[in-house]
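In what follows, a single structure is set out as structure tokens and then discussed.
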Amino acid sequence: MAKVCQITGRKRMVGNNVSHSKRRTKRVFGLNLKTKKFWSEAEQRFVTLKVSCKGMRTIEKIGVDAAVKEAQRKGYINLV
């Protein structure tokens, strides 16, 4: 599976390394992804998600069930 947050849909970004002489070379800004289990009250089971730190804060704020529902609506995850 690709390195994409399943809650926020964030992906890696591409930019430039800029040296002291202002020479530019391509580089990748990676994502801080973690595989984490969350307890879902609606399903009464653990749900394993690949989430970024921003995704974890979103889950903490609105709850895992609401966050998963919103991510499914936006097409970031496909849970059954």
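Quick notes on this one:
- Number of positions in the range 62-80 that are within 11 Å of the chain's Cα centre (by Cα) and part of a helix (DSSP H, G or I): 1
- Among the residues making up the range 62-80, those that are surrounded by 13 or more Cβ atoms within 10 Å (Cβ to Cβ) and among the small types (Gly, Ala, Ser) are 63, 66, 67, 71.
Readers should treat all values here as calculations from the given coordinates under stated rules, not as data from a laboratory. Keep in mind that this is a model prediction, so the values were computed, not measured. Neighbour counts are summed over all protein chains in view; Cβ atoms, including those assigned to glycine, are modelled from backbone coordinates with ideal geometry.
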